[in-house]
Amino acid sequence: MIRVAFFDIDGTLLEMGNPHMSESTIQALFQLRGKGIKIVIATGRSTLRMPELPISLDGYINFNGQYCVVENKIIYENCLQNDEVQKIIENAHAMNKGVGLAGLNFFGCNLYDERLARYLKNTRPDYPLLNNFKDHAKEKIFQMVIPVSKEEEEILFKGTKNSKAVRWSSMAADIIPKQGGKQIGIQRVLDACHISNEEAIAFGDGENDIPMLKMVGCGIAMGNASNLVKEVADHVTDVVQKDGILKALKILHIL
């Protein structure tokens, strides 16, 4: 029996670039709630960029698993090491890359970088420049955002050993602690709610969703997901704008 459903946001609950949830997705969420199934968001977004949803949440996982809340109670925090934040900023500067810093109550960049602006456009069209960037870099940093390719990651992480990159786009990488990820946040939520992995489902579309799709009882890839994501999923559904979430829940007899 499924007791909790985890949802990525961009490309899953919401069509990329569209802030409005489809009617079928809203219907699916309310039907899940009617069956007593918990609804939890698992996103790379910061706490400041959560969309307005038509239904209350039982929990949310932000920064790709580094900050978890269940029933309005913080149950887990995992920040980047401050010395590694400084080293990564230094390496990015040498590579002529802009850097975005995500703390609990702030997000901003050190300089304008067109590549970073394109990456952030889906959730941050305003492209915030962060005043006192150096001071903020000494605070709790849950995630960094840097426009590097996979091939450039080795240069970016030179001199570090406890940080890694996760991706949902080829344009940039989200930098999180090496022992982090959505799967870590999900496990914390499951433990807090006394729910087994087999009693959970998860929907996602990005490569950063792969670990969470693999760890739950049923991992569902959206129709817009890459083949890499679809290969690890237990089920592949349609895109969200074509009722992908509702279709999957009905086919799997969850609704």
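Read-outs throughout are calculated quantities, based only on the coordinates presented, and are distinct from any laboratory measurement. Predicted model only: the values in this text are computed from it and were never measured. Here the Cβ is made from the backbone with ideal geometry for all residues, glycine too, and neighbour counts use every protein chain on show.
DSSP assigns beta bridges within the chain; of those with both partners inside it, close to 50 percent run antiparallel. When 20, 235 are arranged by Cβ crowding within 10 Å, least crowded first, meaning fewest neighbours, the order is 20, 235. The fraction of Cα-Cα pairs per 10 angstrom bin, counted from 0 for segment 1-67, comes to 20, 56, 23, 1 percent, rounded to whole percents. Relative to the compact-globule estimate of 2.2 N^0.38 Å, the Cα radius of gyration of segment 123-255 comes out at 1.23. Rounded to the nearest 500, the helix-only mean residue ellipticity at 222 nm of the chain stands at -7500 deg cm²/dmol, with each DSSP H run of n ≥ 4 adding -39,500 (n - 2.57). The largest-to-smallest principal axis extents of the Cα set in segment 44-101 are 45, 22, 12 Å. Computed over the alpha-carbon atoms, segment 1-121 gives an Rg to Rh ratio of 1.04, Rh here being the Kirkwood radius from the mean inverse distance. Roughly what % of DSSP beta bridges within segment 128-255 run antiparallel, to the nearest 5? In segment 128-255, DSSP labels about 55 percent of beta bridges as antiparallel. Report note on the peptides 65-77, 205-217: ranked by the mean count of other C-beta atoms within 10 Å, highest first, their order is 205-217, 65-77.
Normalising by residue count, the chain has a Cα convex hull of 113 Å³ per residue.
With coordinates expressed along the principal axes, the C-alpha atoms belonging to segment 82-177 extend over 32, 28, 21 Å, beginning with the largest.
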